[in-house]
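Student: Can you read through this structure? Questions will come right after.
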Amino acid sequence: RALDHPGVVRYYEHFSHHDSLAVVMAYCDGGDLSAEIKKRAVAARPFSEDHLLDWFVQMVMALRYLRSKRILHRDLKTQNIFIAGALVKLGDFGIARVMEGSMAAASTVIGTPYYMSPEVCQNQPYGTKSDVWALGCILYEMCALQQAWNGSNLLGLVYKIVQQKSPP
C-alpha cells in the first residue's frame, strides 16, 4: 500500500469475498513478462538489445526502490513482472518481507524454484542479493527466451543452481 514508484504495480484496495481475498491493483494492459517471452519464443522473435536494456533498467530501478524501503521481494519471476505500455512493473508482493536492519537476513525457503538463489537452495540466510540473483535469471530468460535453470524435479534443479556453471 505504501509503495509509490513507476516500476511497482499500484495497490488500491483489498476485500474478502466468499472466503477469498481479492486485491485490487493497477491494470497492466500488456499482461506479464512470462507470456511475452513465450510468445516471442514460439515466433522465434527475440527482444532487441535496446528493448532488453530499457526493461532491465526499469526492473533494476524498481528493485533499488524496494531496497531503499528495506523490502525483500522474495518471489521475483517473469510471471510477477507486468507490462503497462512501455513500462514494466514489479508486482505480487504476497511473500515480500520488510528487513529490520541493513544486515538482516531471511531464512524461510520460499519463492519460485527456477529463480532461487544458491543461498536459498542451501537453506542459508539470504538478503537482497537473492532478489538480484532472480533478476539475473529474468534477464537470462529475456535474452535466451528460455529459463536459465531447469530440471525434472526440485532436487535436480537445486543441484544445477548450486553446482553447475551458469549457462552461456
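The values are calculated or read from the model by the stated rules, or taken from the named source; none is laboratory data. Predicted, not measured: the structure shown is a model, and the values here were computed from it. Because the Cβ atoms are built from the backbone with ideal geometry, glycine has one as well, and the counts that use them run over all protein chains shown.
Student: Do we find that Asp29 is surrounded by fewer than 11 Cβ atoms within 10 Å (Cβ to Cβ), part of a loop (DSSP other than H, G, I, E, B) and of a type outside the set (Ser, Thr, Tyr) in this structure?
Tutor: On the way: surrounded by fewer than 11 Cβ atoms within 10 Å (Cβ to Cβ): yes; part of a loop (DSSP other than H, G, I, E, B): yes; of a type outside the set (Ser, Thr, Tyr): yes.
Yes, satisfied.
Student: Next question. Restrict the check to region 55-72 and report whether at least one residue is aliphatic (A, V, I, L, M), at pLDDT below 90 and within 30 Å of Val42 (Cβ to Cβ). Explain how you work it out, then say what you get.
Tutor: Looking only at region 55-72, we keep the residues that are aliphatic (A, V, I, L, M), and these are 57, 59-63, 66, 71-72.
Checking the rest, the ones that are also at pLDDT below 90 come to 71-72.
Narrowing further to those that are within 30 Å of Val42 (Cβ to Cβ): none.
Checking region 55-72: not a single residue is aliphatic (A, V, I, L, M), at pLDDT below 90 and within 30 Å of Val42 (Cβ to Cβ).
Student: Between a residue in region 36-59 that is closer than 10 Å to Cys143 by Cα and any residue that is hydroxyl-bearing (Ser, Thr, Tyr) and part of a helix (DSSP H, G or I), which pairs come within a Cβ distance under 8 Å, given they are 6 or more apart or on different chains?
Tutor: Ile37/Thr78
Student: From (1) touching a strand residue (DSSP E or B) at 6+ places or on another chain (Cβ under 7 Å); (2) exposed (fewer than 15 other Cβ atoms within 10 Å of the Cβ); (3) outside any loop (DSSP other than H, G, I, E, B), pick out the condition that doesn't hold for Trp55.
Tutor: Result: Trp55 fails condition (2) only.
Here's the yes/no breakdown for (1) more than 24 Å from Ile37 (Cα to Cα); (2) under 11 Å from the mean Cα position of the chain (by Cα); (3) at pLDDT below 90; (4) outside any helix (DSSP H, G or I):
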site	(1), (2), (3), (4)
Asp75	no, yes, yes, yes
Gln79	no, yes, no, no
Gly101	yes, no, yes, yes
Thr108	yes, no, yes, yes
Gly111	no, yes, yes, yes
Lys129	yes, no, yes, no
Glu141	no, no, no, no
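Student: Is it the case that region 10-22 has a residue that's surrounded by 12 or more Cβ atoms within 10 Å (Cβ to Cβ), touching a Lys or Arg at 6+ places or on another chain (Cβ under 8 Å) and modelled with pLDDT of 95 or more?
Tutor: no
Condition check ((1) outside any loop (DSSP other than H, G, I, E, B); (2) among the charged types (D, E, K, R); (3) at pLDDT 85 or above) across all residues:
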residue	(1), (2), (3)
Glu119	yes, yes, no
Asn123	no, no, no
Trp133	yes, no, yes
Gly151	no, no, no
Val158	yes, no, no
Ser166	no, no, no
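Student: Spot the failing condition for Leu63; the list is (1) over 13 Å from the mean Cα position of the chain (by Cα); (2) under 20 Å from Ala2 (Cβ atoms), and only one is missed.
Tutor: Only one criterion is unmet by Leu63, namely (1).
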